[in-house]
Amino acid sequence: MTTPIYYVNDAPHVGHAYCTVNADAVARWHRLKGDETLFLTGTDEHGQKVAEAAEAHGLSPQLWTDQTSQRFQDAWQELEVSNDQFIRTTEPRHYATVQHFLQAIYDNGYIYRDTYRGPYCVSCEDYYTADQLDHGLCPVHGREVTEMEEDNYFFKLSAFEDRLIAWYEANPKGIRPDTKRNEALSFIRGGLRDISITRTSLSWGVPVPWDEKHVFYVWYDALINYLTALGYGTEASTLDTWWPSVHHLIGKEIIRFHCVWWPAMCMAAGIEPPANIIVHGWLLVGGQKLSKSMADNSDAPVRLTDIAPHVLVEDFGVDAIRYHLLRDTPLGTDGEFSYEGIVSRYNADLANNLGNLAQRIATVITSKCEGVAPAPPSGGPLAEEVARHAAAAVEAWDRFAPHEALEQTWKIIAAANAHLETHEPWKGEAGSGEVAKTLGGALEALRIVTVLASPAMPDACGEIQRRIGLVADPEAQLDDLLTWGSGNPGALVEKGDPLFPRRKADSA
Ligand code: MSP
């Protein structure tokens with residue numbers, strides 16, 4: 001499982017967190033299933049944009065990238081991102097892999113030297129043709145482009161048109177959603193131009209092994225990070241273990257690089273293209289002003305890029321932010337990001353539903369069952385409803401649809417709350433079989449919720465499990481954990497403080 005590696009021209013923001021937390025939740029889901037999992041993220045540290053940012057801050061590129069990369073690492077730690085490796089493109093191991101990979105493409109005859117001239121967008125770090133520009137501006141960033149001319153090395157992308165089309169046809173599910181797959185495919189069908197892959201205009205990059213006056217173009221070194229993590233080109237390479245069964249999660253504006261260039265580069269180097277690419281949309285702030293706590297300047301409209309993940313974590317807690325990022329905007333569509341949106345979902349889903357269910361169960365078990373977890377009934381309508389939604393949640397996690405997995409999980413919470421309201425165990429006789437049966441059922445539903453939601457909210461789910469007396473068993477199989485009746489009746493249940501205290505709607 002991979003995320004894109006983030007440019008260090010600026011600090012991490014909530015849009016980056018959206019991608020990273022989604023990838024993290026899916027990686028955690030696969031670990032929970034017992035799948036052998038390697039989860040990668042990192043920082044993309046070369047190129048003109050980063051060199052310019054360093055200069056603007058009066059720092060050397062290396063010092064600037066060291067500092068900014070650290071901010072990404074800190075942000076992911078705060079968000080409890082469970083990456084196995086963090087790849088920095090300024091690491092010697094990355095240089096080694098890039099040089100090995102590109103030397104292979106060169107040796108295979110897919111790289112040649114030529115002069116190129118055209119409009120260049122520094123934000124994209126890419127050339128455009130005149131007809132791709134939007135009123136003379138970059139079609140992605142709306143910023144001025146500069147006319148550049150360079151004597152460069154080129155990759156024969158045009159030689160891969162037919163092979164790419166054949167690969168797409170052989171892998172109908174290789175790129176999701178279908179709309180994005182079609183977008184990439186029609187780009188290929190429209191004809192591919194060779195791409196300039198080296199620069200002499202700057203020195204902040206990986207040196208070209210066969211011509212040290214050139215450095216590789218930043219995108220051309222960045223994509224190879226996915227292989228750096230596997231030690232490609234070294235004796236310790238784990239390519240055979242992990243490649244090509246990779247899932248690249250990427251944002252919609254970098255489709256061309258991942259769905260056209262990257263598979264062609266792999267083919268040119270003689271390795272399989274990546275098995276699976278999942279494209280997500282953007283989080284947007286619709287121009288409305290967000291809270292003061294989220295921005296430095298309360299008078300300016302807040303830009304999404306000003307919203308730092310750590311500020312959100314301090315304000316709402318890590319579980320709530322992770323939940324929001326996973327639940328609110330389905331992977332594949334754009335989503336509106338707002339403070340009000342976080343507060344209302346927090347209150348509805350976390351305070352009123354999950355938090356309330358956990359609190360009620362623990363309180364009534366304390367008052368009516370002497371704090372001892374009752375056994376659930378062997379079956380019945382609640383058990384059936386739980387099984388149905390749990391199966392749907394499993395299927396959604398497997399399909400990279402965290403928002404749907406959580407939606408189904410919250411249906412279990414709603415069913416358990418309704419079950420309590422129908423049977424009102426708080427009115428029943430302490431110690432009675434009826435009360436025990438009602439609470440045992442609700443407790444079992446809650447336990448299953450903590451399994452299904454744990455990739456999204458590891459801390460809160462762990463805390464609920466601790467309070468209801470479950471001991472984590474690292475050997476446990478997911479199927480067993482999701483089986484009705486595999487809880488721990490007889491355990492002591494602890495009440496504890498509310499996990500998600502209600503927020504006032506205007507607490508911004
Ligand atoms: N460095 C390249 C990726 C190289 S991967 C080999 C890059 N970096 S980036 O920092 O500009 O963007 C990284 C990812 O963050 C992209 O997938 C992009 O879609 C995502 N996001 C940046 N802003 C975003 C939002 N507002 N919303 C959701 N994701 C966004 O591109």
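The values are calculated or read from the model by the stated rules, or taken from the named source; none is laboratory data. Everything numeric in this text was worked out from a predicted model, so none of it was measured. Backbone-built Cβ (ideal geometry, glycine too); neighbour counts: all protein chains shown. Just the protein is used for accessible areas: all its heavy atoms, side chains included, with ligands, DNA and RNA removed. Shrake-Rupley method; radii C 1.70, N 1.55, O 1.52, S 1.80 Å.
Residue-wise HN-Hα couplings along the range 201-212, as the Karplus relation 6.51 cos²θ - 1.76 cosθ + 1.60 with θ = phi - 60° gives them from phi, are 6, 9, 10, 7, x, 7, x, 6, x, 9, 7, 5 Hz; Gly and Pro carry x. Using R0 = 41 Å, the C-beta based FRET efficiency linking residue 432 and residue 31 works out to 0.50.
Considering only 435, 363, 489, the residue lying farthest towards the positive end of the dipole of the chain is 435, judged by Cα position with unit charges set on Cβ. For the chain, the carbon plus sulfur part of the accessible surface works out to 50%, probe radius 1.4 Å. Do you know the relative contact order of the chain, to the nearest whole percent, from alpha carbon pairs under 8 angstrom that are 6+ apart? That works out to 15 percent. Solvent exposure of the range 345-481, expressed per residue, is 40 Å² of accessible area, with all protein chains present and a 1.4 angstrom probe. The local environment of residue 171, defined by Cβ-Cβ distances under 12 Å, has a net charge of +1 under the rule Lys, Arg +1 and Asp, Glu -1.
Full extension of the chain between residue 272 and residue 170 yields a length gain of 35.4 nm, computed as 0.36 nm times the residue separation minus the alpha carbon distance.
In loop segments of the range 102-196 as defined by DSSP, the trypsin sites (Lys or Arg not before Pro) with at most 15 further C-beta atoms inside 10 Å of their C-beta are 143, 173, 193. Kindly point out which whole DSSP H helices in the chain project their C-alpha atoms 27 angstrom or further along the helix axis while averaging a Kyte-Doolittle hydropathy of 0.5 or above. Helices meeting the span and hydropathy rule in the chain are 433-452. Placing a label point 7 Å from the Cα of residue 146 along the Cα-to-Cβ direction, the residues of the range 200-238 with a backbone N closer than 13 Å are 200-203. To the nearest 0.05, how large is the calculated FRET efficiency for residue 179 and residue 414 if R₀ is 30 Å and r is the Cβ-Cβ distance? The pair residue 179/residue 414 has a calculated efficiency of 0.45. Take the Cα of residue 459, step 7 Å toward its Cβ, do the same at residue 66, and the gap between the two points is 3.0 nm. Only the Cβ atoms of Lys and Arg (+1) and of Asp and Glu (-1) were treated as charged; on that basis the dipole of the range 424-485 about its Cα centre amounts to roughly 200 debye. Each Lys and Arg adds +1 at its Cβ and each Asp and Glu adds -1 at its Cβ; summed about the Cα centre, the range 345-481 shows a dipole of about 380 debye. Ordered by solvent-accessible area of protein heavy atoms (1.4 Å probe), largest first, the residues 407, 91, 272 come out as 272, 407, 91. Note on residue 116 and residue 314: the extension gain reaches 66.4 nm, defined as 0.36 nm multiplied by sequence separation minus the Cα-Cα distance. Along the Cα-to-C-beta direction of residue 162, a point sits 7 Å from the Cα; which residues of the range 177-204 have their amide N less than 17 Å from that point? Flagged as within label range: 188-193. Note on the range 358-418 and the range 137-158: Cα centroid distance 53 Å, given to the nearest whole angstrom.
Our analysis of the range 345-481 gives Rg over Rh at 0.95, with the two radii drawn from alpha carbon positions and Rh computed by the Kirkwood formula. Here the label points at residue 387 and residue 202, each 7 Å from Cα along the C-beta direction, are separated by 5.9 nm in the simple model.
Across the chain, the convex hull enclosing all Cα atoms gives 154 Å³ per residue. Over all other residues within a Cβ to Cβ distance under 12 Å of residue 500, the charged ones net out to -2, with Lys and Arg as +1 and Asp and Glu as -1.
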